[in-house]
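Data first, discussion second: the structure below is written as structure tokens.
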Amino acid sequence: MTTKPYRRFALLSLCAGLAAVGFSQSVQAAEDYPKQAIRVIVPFAPGGSTDIVTRIVTKGMSEILGQSMVVENKGGAGGAIGAAEAARAKPDGYTLSIATVSTLAVNPACRPNDLPYDPLKDFVPVTNFANVPNVIEVNPSFPAKTFKEFVQQLKDNPGKYSYGSSGTCSVLHLFGEAFKQATGTDIVHVPYRGSGPAVADAVGGQINAMFDNLPSSMGQIQGGNLRALAIAWPERLSSLKDVPTLAEEGYPQLNSPAWYGLLAPKGTPPEVVAKLHDAAVQALKSPEIIEALEKQGAAPSGNTPEEFGKEIKEQYDWARDVVKKGNIKLE
């Protein structure tokens, strides 16, 4: 007759064996990854900075990984709709998403009680693709040629002018609100489903100004369709030598750039995350990709998952502080 101790030993041995098989299968799956196209959710509309940077980098990653990386735009709610879908995705490496300050810092700060995902717990950081300057720009018909004139015009005409952003509770909305707090001005916010549509309306004159990430506006600025007044960046850009930084204009608290990085859903195997990270870093070293990003005013990053996680937490804490101090309440 089998004794109870023996049955317990047999059961433990069986569990250990199954665990070993499961681990072996997981490692094998990671070694074979990727076997099919990889879906990359961009939580904003096509044509914005998030979309532009993503397409540049994932094109290079596709060539390295040997599989297509298919960009899918899921805009709305300041990026929350796309981020929520990404958080619910199967953690197998075949559905990834793009992290922005909007989705992982500003949205949680503005909507702490009803956000359908946890920005710090539902994702695994892979790497920061690129840092980009923010820009304050106006339609060429706006009666101000410089940043100081812009501020004075707004002070003289409270509530008369409007600015566009990539959506309510997006980082660009918070950028605009932080600007209002710092300068003591009143300019009406008009939210859009991404930077692309907002830039189009700024060019068309439906809105007077735009608080944007530089990549989605660079072409219009260089084409003379928008006038850049100031940028948020450590120093002046060689491509926009005449445009001062916000620190130069006396507003260092507004001089923070934005970033765009790659996320995987919580539970994605570390080996898969490592493969994605290595492919991104290799792509970001490509002269063609570096040139393409720099043309958009973006600076390649390619840091470690741990470093990117730290950046996310720092921006998360910053956004909470800004919203709290400004008593910003969004529906």
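Tabulated data
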item	result
In degrees, nearest ten, helix 305-326 long axis to first principal axis of the chain (Cα)	50 degrees
Residue 168 accessible area, assembled protein chains, probe 1.4 Å, Å²	50 Å²
Exposure of residue 118 as accessible area (Å², to 10), given a probe of 1.4 Å and all protein chains	50 Å²
In Å², nearest 10: area of residue 285 left accessible to a 1.4 Å probe	150 Å²
Accessible solvent surface per residue of the stretch 219-311, calculated while the other protein chains remain in place, 1.4 angstrom probe, Å²	47 Å²
Nearby lysines by direct alpha-carbon distance to residue 325 (threshold 16 angstrom, same-chain neighbours under 8 apart not counted)	180
Local electrostatic count at residue 104 - Lys and Arg +1, Asp and Glu -1, tallied over other residues with Cβ under 14 Å	+1
Among 93, 173, 78 the positive-end extreme of the charge dipole of the chain (Cβ point charges)	93
Per-selection Rg to Rh, the stretch 107-180 - Cα, Kirkwood hydrodynamic radius	1.09
Sequence of 71, 272 from largest to smallest accessible area, 1.4 Å probe	71, 272
Residues of the stretch 111-137 with amide N under 19 Å of a point placed 7 Å along Cα→Cβ from residue 325	111, 134
Neighbourhood charge, 12 Å Cβ-Cβ cut-off, centred on residue 178 and excluding it, Lys, Arg +1 and Asp, Glu -1	0
Other-chain or far-sequence residues with amide H under 5 Å of residue 131's (modelled H)	299, 301
Lysine-lysine proximity count for the stretch 265-322, Cα under 23 Å, sequence distance 8 or more or distinct chains	7
Per residue, the convex hull volume that the Cα atoms of the stretch 97-238 enclose (Å³)	127 Å³
Peptide ranges 80-91, 238-249 listed from the most packed, as the mean C-beta count within 10 angstrom indicates	80-91, 238-249
Charged-residue dipole, Cβ positions (Lys, Arg, Asp, Glu), the chain about Cα centre, Debye nearest 20	860 debye
Acute angle (nearest 10 degrees) that the helix 147-156 long axis makes with the longest principal axis of the chain, alpha-carbon atoms	70 degrees
Overall dimensions of the stretch 212-298 as given by Cα atoms, namely Rg and Dmax in Å	16.6, 47
Mean ellipticity per residue at 222 nm, deg cm²/dmol - from DSSP H runs of n ≥ 4 across the chain, formula -39500 (n - 2.57)	-14000 deg cm²/dmol
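The values are calculated or read from the model by the stated rules, or taken from the named source; none is laboratory data. Everything numeric in this text was worked out from a predicted model, so none of it was measured. As a convention, Cβ positions derive from the backbone with ideal geometry for all residues, glycine included, and neighbour counts pool all protein chains shown. Just the protein is used for accessible areas: all its heavy atoms, side chains included, with ligands, DNA and RNA removed. Shrake-Rupley method; radii C 1.70, N 1.55, O 1.52, S 1.80 Å.
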